1. State whether the residues of region 32-52 include one that is among the hydrophobic types (A, V, I, L, M, F, W, C), open to solvent by 50 Å² or more (accessible area, probe 1.4 Å), within 24 Å of R111 (Cα to Cα) and outside any strand (DSSP E or B).
2. If you go through region 129-166, how many residues are in contact (Cβ under 8 Å) with a residue 24 or more places away in the chain and either in a loop (DSSP other than H, G, I, E, B) or in contact with a Pro (Cβ under 9 Å, 6 or more places away or on another chain) (or both)?
3. Please go through region 67-109 and give me each residue that is under 11 Å from the mean Cα position of the chain (by Cα) and either open to solvent by 40 Å² or more (accessible area, probe 1.4 Å) or at positive phi (or both), ordered by number.
4. What about R112, is it under 17 Å from N62 (Cα atoms) and over 11 Å from the mean Cα position of the chain (by Cα)?
5. Looking only at region 110-137, count every residue that is open to solvent by less than 40 Å² (accessible area, probe 1.4 Å) and either within 10 Å of I150 (Cα to Cα) or at pLDDT 95 or above (or both) and tell me the total.
Amino acid sequence: MRPEPYSTSPLQALIAAVPQRGQVRWIGVRPDKRGDMLILDAVEARREAGLTGDYSRPGPRNARQVTLIQWEHLAVISALLSRDAQHPIMPEDLRRNIAVSGINLFSLKGRRFRIGQAILETTGWCQPCAKLEQRLGLGTFQAVRGHGGITARVLHSGIIRLGDPLEVEQLEYVE
């Protein structure tokens, strides 16, 4: 007797399909742990090491080699902090490495994705830390919760440039 072919539920099919393509809107690295962010037009993503010039702990076990934030969430965080258009929250304020627009970063949970020439894998959510509250003021921690982006590790080295697309590399969903 042959086993039944694998079938997915309608919900699993919706979760597995990510038709959107993102686009890199901002790139930054921090050379020192508490140093200022350097804003870049391009950066090298290195396998098991993260971004060239960024302070991080290299190695395959480091789940925070790269941090990404959704560009659209910057406006949400700014609104929650009652920031006006002249003083919006920017990716460097939140100390993220890459800001991407056009794709819901939460749809990348458990997935590999191509960004520019590099292939990354989502490793978790990028939660706010208490230092944000000290740097940006009362309420920042709560404003960033749920909007802080994702963490990723580099699986395949390559250059990432402003304007590069972000596309899902692995279409199956991993729980």
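1. Of region 32-52, the ones among the hydrophobic types (A, V, I, L, M, F, W, C) are 37-40, 42-43, 45, 49, 51.
With open to solvent by 50 Å² or more (accessible area, probe 1.4 Å) added as a condition, the list becomes 38-39.
Add one more test, that the residue is within 24 Å of R111 (Cα to Cα), and what stays is none.
No; the residues of region 32-52 include none that is among the hydrophobic types (A, V, I, L, M, F, W, C), open to solvent by 50 Å² or more (accessible area, probe 1.4 Å), within 24 Å of R111 (Cα to Cα) and outside any strand (DSSP E or B).
2. Qualifying residue count, region 129-166: 14.
3. Answer for region 67-109, where residues must be under 11 Å from the mean Cα position of the chain (by Cα) and either open to solvent by 40 Å² or more (accessible area, probe 1.4 Å) or at positive phi (or both): W71, N104, F106, K109.
4. Working: under 17 Å from N62 (Cα atoms): yes; over 11 Å from the mean Cα position of the chain (by Cα): yes.
Criteria met by R112.
5. 9
The values are calculated or read from the model by the stated rules, or taken from the named source; none is laboratory data. Please read these numbers as outputs of a predicted model, since none were measured by experiment. Virtual Cβ from ideal backbone geometry, glycine too; neighbours counted across all protein chains shown. In case anyone asks, the SASA skips ligands and DNA or RNA and just uses the protein heavy atoms, side chains included. Shrake-Rupley method; radii C 1.70, N 1.55, O 1.52, S 1.80 Å.
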